[in-house]
Amino acid sequence: MPTITKIADYTARYQIAKDSYSKKTLQYYIDKSEAKLIYELLGAELGGLFLADLDVDGIPQTARFTDIYNSFAIDDDCALHCSDGIKEYILGQIYFDYCRNDSTYNSQIGNKGAVSENSEIASNLWHDLSQRYNIAIENGKQIQWYVSCYKSEDYTEYKGVKLEGTFWL
C-alpha cells in the first residue's frame, strides 16, 4: 500500500531531525500508523475506500477523496471551517507519536535518555507537542465535519471516531 507521507515531508511545523536511526524509526511510524489514522478519521469502510483510491505516490484519484485530501475553507451559517487536508492531519499525528516516544530508547538494561553537559531538554517540550497535536486534531475535526455534515450525501460510509484534543498542564 502506498503511503501518504514520506520522510522528506516532516519539515516546518512537523520538523524531525533525519539521520540513519531516525529515518528507520520514522518510516516504521509511517508504515504502522497511516492506515490506522485514516480508519479513525473516516471509519473502516470509507477509510478503506480512501486508501484503495491512492495512486503509487499516495494521492487519491477520485474527486470525493481529493476534496478532503486537499485543503479547504468553507463558510456556513455558524462558522468558518478550514482544513489543511488529510496529509497535514497524518503528518501532525505521526509527528506527535514519534516525538512523544523518541525521548528515550530501549537498551538491554532498560529505557535510557540522552544526557549532555552542554544541553538539556527544553522545559516546554510537552507544551509544544500538545499544541501541534491539537492543531492536527482540529484539522481532522474539520475533515470529519466536511464528510459528516457539509457533504454527507457524498460520504454515506462515514463512521469516523470522535477526535479529542489534549491539554498540557
| Do any residues in segment 6-22 that are in contact (Cβ under 8 Å) with a residue 60 or more places away in the chain and closer than 20 Å to residue 32 by Cβ have Cβ atoms under 6 Å from those of residues that are part of a loop (DSSP other than H, G, I, E, B) and of a type outside the set (Ser, Thr, Tyr), where the two are at least six apart or on different chains, and which pairs are they? | 10/16
| said: I'm told residue 17 meets every condition in (1) within 20 Å of residue 128 (Cβ to Cβ); (2) outside any helix (DSSP H, G or I); (3) touching a helix residue (DSSP H, G or I) at 6+ places or on another chain (Cβ under 6 Å) except one. Can you identify the failing condition by its number? | reply: (3)
| remark: Per the list (1) touching a residue at least 24 places away in the same chain (Cβ under 8 Å); (2) farther than 22 Å from residue 154 by Cβ, residue check on residue 28 breaks on (1)
| task | Among the residues of segment 1-41, write down those that are over 13 Å from the mean Cα position of the chain (by Cα), basic (Lys, Arg) and surrounded by 13 or more Cβ atoms within 10 Å (Cβ to Cβ). | result | 18, 23
| task | Note down all Cβ pairs under 9 Å where the first residue falls in segment 58-82 and is in contact (Cβ under 8 Å) with a residue 24 or more places away in the chain and at positive phi, the second is surrounded by 16 or more Cβ atoms within 10 Å (Cβ to Cβ) and among the hydrophobic types (A, V, I, L, M, F, W, C), and they're at least six residues apart or on different chains. | result | 58/4
| field | Considering residues of segment 76-102 that are modelled with pLDDT under 95 and loosely packed, with under 13 Cβ neighbours inside 10 Å only, the residue nearest to residue 35 (Cα to Cα) | value | 101
| Identify, please: which residue in segment 130-157 is under 28 Å from residue 14 (Cα atoms) and aromatic (Phe, Trp, Tyr) and is, among those, nearest to the chain's Cα centre (by Cα)? | 133
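The values are calculated or read from the model by the stated rules, or taken from the named source; none is laboratory data. In this text the structure is predicted, and so the values were computed from the model without any measurement. Note that we place each Cβ from the backbone using ideal geometry, even for glycine, and neighbour counts take in every protein chain shown.
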